[in-house]
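Only one structure is covered here, and it is reproduced in the block below.
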Amino acid sequence: MLKTGILNPHINYLLSRVRHTNTLVIADRGFPCWPGIETIDISLVDDLPRVADVLCAIRCNFEIGTLIMAEEFRTSNPRKVIARHTELAKGTKLIFEPHVKLKQRVHQAIGIIRTGDSTPYSNVIVESA
């Protein structure tokens, strides 16, 4: 039985299939459904868990090369929220681009982890190193 790290077997299985430069999406609760892309829905209630919580959890055993977020995230959220995401990205390349362009990248993802996050534009594409 797993006692530390990611306990969710579906997330462990998804992470183990991501290879060099593959991507996965950590999405908020309103993210559109993408038929054909494996989606693991871990939303529980409003804002549980948040995108930042999942990002923090996977960093322990997943080598992130690049994080891609919507540039609208920076103009739609309070400084405290932006600071948390920036801190989680420390030591990692962080790219901001229009959310329309970000969504055009989704079809290339290995999978999507859907959260209960209601933070505007909090979706993040995680590219493995």
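What the table below lists for this structure:
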item	result
Neighbourhood net charge (13 Å Cβ-Cβ; Lys/Arg +1, Asp/Glu -1) for Ile82	+1
For Leu67, net neighbour charge (Lys/Arg +1, Asp/Glu -1) across residues whose Cβ lies under 11 Å away	+2
For Val100, net neighbour charge (Lys/Arg +1, Asp/Glu -1) across residues whose Cβ lies under 15 Å away	0
Region 60-129 - share of DSSP beta bridges that are antiparallel (%, nearest 5)	50 percent
Peptide ranges 119-128, 47-56 listed from the most packed, as the mean C-beta count within 10 angstrom indicates	119-128, 47-56
Fraction of antiparallel bridges per DSSP, the chain only, in percent to nearest 5	45 percent
Largest-first principal axis extents of the Cα set of region 9-128 (Å)	34, 31, 27
Charge dipole (debye, nearest 20) of the chain; +1 at Cβ of Lys and Arg, -1 at Cβ of Asp and Glu	260 debye
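Only the coordinates and a few stated rules stand behind these numbers; no lab work does. Computed from a predicted model, the values in this text were never measured in an experiment. FYI the Cβ positions are ideal-geometry reconstructions off the backbone, even for glycines, and counts take in every protein chain you see.
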